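Visitor: Handing you this structure, nothing more for now.
Here, each number is a calculation from the coordinates, and none is a lab measurement. Computed from a predicted model, the values in this text were never measured in an experiment. As a convention, Cβ positions derive from the backbone with ideal geometry for all residues, glycine included, and neighbour counts pool all protein chains shown.
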Amino acid sequence: MDKDAPYKIAGKATYHDGLTAARHEIGISLTPWSLVLIGKGSAVISEWPYKDIRLAEEVTQGRPTRLKVMGQDARLTITDWSLAQTIFKHAKHLGGGRTAERGLKLAFIALFFLAIGLGLFWLFSMNTLPSLVKSYFPNSWEQDIGQDFVEDFAGSFEVCEGKTGSQALARMTQRLSDVLPQNTLPLTVKVLNVKDVNAFALPGGEIRLFRGLIDEAASPDEVAGVLAHEIGHVIERHGLQALARHYGLMALMQVATAGTGDFMGAMAQAGGLLSLLSYSREAEQEADQHALSILQAADINPEKFGHFFERLHQKNADEDSSEDPTKEDFTIWFSTHPQEGKRAEFFLQKAFTGRPALSPAEWQALKVICASAGEPKSFRDW
Ligand SMILES: [Zn+2]
């Protein structure tokens, strides 16, 4: 290590000392216990112990994060969201940048689960809770929960943001959204730089497609089919129901033991996300039914989605007998979307013409949406 530069710069920030109007571009170095502010010529401006760091204002993802330190008027503005996330990991008391208001709301949601869960546990059974949640749970609460899951992903997986590819994906999403029931949550669809052939819907209309799925798809209609299927899960609120089923009673314990700030995060880490990925056979059928009607209403031929099923099924069977090391990457979609033989036919039987889900140029753009992203990760790295 260079003696004159003992601190490794983790990122940049704008520093305002609170005394003058001047703002300085500085470097940030992270030690195990503090954040070190590095000025010109590697000079240490100040050292902020993580425990003394506070939020200077409410944190919004995608906007600069403003921090202050106890006993000073100085302010630090960080525009690099992943740097902010790293600081939040050290300064756990900041609750990942969640504001007090959000923390309170999440605690309230936990209590809602608990109250209904306890009330119904003896009277009926825990099976009643998910259906009750489906009918009465406010949309904005579901969006809060979804946001929590998304934030736990931030930093784990890169989002592919190729410009024209994102525009193509937005067009496809819009075309499907246009035919959805009025009260469906607004959809947020993104491609993650993950090599597995998979896709899933989180609570709150948050849908994620994996790069491996885009690579594997032979036509835009196949991607539209998967997207329509995931939208089916959103319409039925399957993610929320799964959470209610698994965590209805656990929620209060989480709040009581872990505080209110990070209980959804604790749930996600305890396997909540993985359990969200494996829905019941009935849930998958419901999602398929929605997929079929959404595709037809949007004038997209569902047959291609059937072909996708067939091809993956074939590929899966081939690889089962061939010891291919990439085999596991293909099996994941089937482990979360069990094949029942009839699923491909369900989409293949429907005689329908339709228009392609994207123009050839848009499809090419979507295919390379991850071109400027790094090496794709595996979902198991999460
Ligand atoms: Zn599904």
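Visitor: Taking 28 Å as the cut-off for C-alpha to C-alpha distance, list the pairs among Lys12/Lys367; Lys195/Lys315; Lys134/Lys304 that go past it. Write out the running numbers ahead of the final one.
Guide: Working: Lys12/Lys367 33 Å; Lys195/Lys315 16 Å; Lys134/Lys304 31 Å.
Those over the limit are Lys12/Lys367; Lys134/Lys304.
Visitor: Report the gain in length on full extension from Asp80 to Arg54: 0.36 nm times residue separation, minus Cα-Cα distance, nm rounded to one decimal. Numbers along the way, then the final one.
Guide: On the way: separation 26, 0.36 × 26 = 9.36 nm, distance 1.75 nm.
Value of the extension gain: 7.6 nm.
Visitor: What fraction of the Cα pairs in segment 149-209, stated in percent, has a spacing above 19 angstrom? Could the numbers behind the result be given before it?
Guide: On the way: 615 of 1830 pairs.
In whole percent, the long-distance tail amounts to 34.
Visitor: Let me ask something else about it. Using alpha-carbon positions, what is the distance between the centroids of segment 32-95 and segment 172-221, in Å?
Guide: When both Cα centres are located, 34 Å separates them.
Visitor: Where does the charge balance sit around Thr184 when Lys and Arg score +1, Asp and Glu -1, over other residues with C-beta under 12 Å from its C-beta?
Guide: Details: positive: Arg237; negative: Glu142, Asp178, Glu236.
So the surrounding residues net to -2.
Visitor: Can you give the Kirkwood hydrodynamic radius for segment 1-58, in Å, rounded to one decimal and based on Cα pairs? Please report the intermediate quantities before stating the final value.
Guide: Numbers: mean 1/r = 0.0812 Å⁻¹.
Its Kirkwood hydrodynamic radius stands at 12.3 Å.
Visitor: Checking the cross-link filter: which lysines have an alpha carbon closer than 20 Å to that of Lys51, excluding same-chain neighbours under 8 positions apart?
Guide: Straight-distance partners of Lys51: Lys68, Lys89, Lys92.
Visitor: If Rh is defined by the Kirkwood formula over all Cα pairs and Rg also comes from Cα, what ratio Rg/Rh do you get for segment 9-97? Intermediate values should be presented prior to the final figure.
Guide: Working: Rg = 11.8 Å, Rh = 12.9 Å.
Expressed as Rg/Rh, it is 0.92.
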